[in-house]
1. Extension gain residue 28-residue 192, at 0.36 nm per residue separation less the Cα-Cα distance, in nm?
2. Can you check what the net charge comes to around residue 92, using other residues whose Cβ is under 15 Å from the Cβ of residue 92 (Lys, Arg +1; Asp, Glu -1)?
3. Too long at a 31 Å Cα-Cα cut-off: which of 28/215; 80/215; 28/213; 154/215?
4. Could you list which residues have their amide H under 5 Å from that of residue 52, counting only those 5 or more apart in sequence or on another chain, with H placed in the peptide plane?
5. Counting just the Cα atoms, what span does segment 23-62 cover along each of its three principal axes? Round to the nearest Å and put the largest first.
6. Taking only C-alpha pairs under 8 Å that are 6+ residues apart, what is the relative contact order of the chain in percent?
7. Quick check on the chain: helices-only [θ] at 222 nm, where DSSP H runs of length 4 and up contribute -39,500 (n - 2.57) each and the sum goes over total residues. Nearest 500, please.
8. Just add up the charged neighbours of residue 102: K/R +1, D/E -1, any other residue whose Cβ is under 14 Å from the Cβ of residue 102.
Amino acid sequence: MNTNDYFPQKVAKNYDEDVESSNAELVKPVVDFLAKLAGSGRALEFGVGTGRIAIPLEQSGVEVHGIDLSEAMLTKLTEKTDRIPVTQGDFATTPCNGTFSLVYLVFNTIMNLTTQDEQIRCFQNAAIHLEPGGSFVIEVMVPALQCIPFGETKHVFEFGADHWGIDDYDVVSQSLKSYHMRIRDRDTELSSTPFRYVWPSELDLMARLANLKLKARWGGWNKEPFTNTSRSHISVWEKSRDRN
């Protein structure tokens, strides 16, 4: 994907405003969860974006590095702080100097990798960067196929006063396209983003291919149980402490 097409300036400009989970009350449990896993070590965020999580995590005392493909998103991040070293590139393959006690990938960003091979390479890249005993964390939605009548493909995930969101599923290719319509300053903005949705069990297999082992899975950042009705999950895989 061309870096000019991936989260371009028009998206980066309003990203923090458009993403509801940028709310400080919603960010705090994420930061607390990740900071505990990082401990005294360093953290690496895949898809660091504008620093929604990286900045408060760094402010909590964790040394944070980031990788992101979007030049526009990284520009927004560096306008906010110069304390987070960043590397521009595809987080599925791009290297970052040193090793880390924590690598994390939040807010459905694993689905920005639109092929299974790319998602597998992401796990492998995480494993390369992890210290023995280190953790790889992913936050991602559970595909909402239970909400869609048989034979239908579209799911309305938001219908508000100034934002409508519709997901269009293709169960053959396991692809998903999210359509957004926003009203901003009396103008109507239309956008769409391609994804590849992925199941928890599939992620576990990808982890095994990268020699990572499932450590925990939760239904939320406050460690709510993961159940049949959970709409998302936070999964933690661990790199073996055995260096051999």
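1. The span from residue 28 to residue 192 would gain 56.2 nm if fully extended.
2. Details: positive: 121, 196; negative: 45, 68, 90, 117, 118.
Within the 15 Å Cβ shell, the charges total -3.
3. Result: 80/215; 154/215 exceed 31 Å.
4. The list, which skips near neighbours in sequence, is empty: none.
5. In descending order, the Cα extents are 26, 20, 14 Å.
6. On the way: 458 pairs, mean separation 38.8, N = 244.
The value is 16 percent.
7. Value at 222 nm, helices only, nearest 500: -7500 deg cm²/dmol.
8. The answer is -3.
Quick note: the coordinates plus some simple rules give every number you see, no bench work behind them. The shown structure was predicted, so the numbers you read here are calculated from the model rather than taken from an experiment. Glycine also receives a Cβ, built like all others from the backbone with ideal geometry; neighbour counts cover every protein chain displayed.
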